[in-house]
Amino acid sequence: MRQLGGSQSRTDPSQWDLHQPRWSAQIVLEIDELKVTWHQEGQQSVRHFPYGLPRADVEAAILAGP
């Protein structure tokens, strides 16, 4: 996540925040999947990605935004 520009929560190491000019995202490393919640203009979008997906695909999906 650091390579994408994310910052890790100080209180919960499984949570990360990523800020882009047009949106922000909270990324949570859950037991069986990666949960991404994007925030943009008061709207929220949530997606779940299983850990079995290729890393490059997940990173591309996160950076594509909501």
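The values are calculated or read from the model by the stated rules, or taken from the named source; none is laboratory data. This is a predicted model, so every value here is computed, not measured. Methodologically, a virtual Cβ is constructed for each residue, glycine included, from the backbone with ideal geometry; neighbour enumeration extends over all protein chains shown.
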Considering each residue of the range 2-49, count those that are farther than 17 Å from P66 by Cα and over 13 Å from the mean Cα position of the chain (by Cα), and give that number. 6
Strands (runs of 3 or more DSSP E) wholly inside the range 1-51 containing at least 3 residues that are over 16 Å from A61 (Cβ atoms): 15-19
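One line per residue, one yes/no per condition, for (1) surrounded by 13 or more Cβ atoms within 10 Å (Cβ to Cβ); (2) of a type in the set (K, R):
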residue	(1), (2)
G5	no, no
R22	no, yes
D32	no, no
G42	no, no
F49	yes, no
G52	no, no
D57	no, no
Condition check: at pLDDT 95 or above and at negative phi. Does Q26 satisfy that? yes
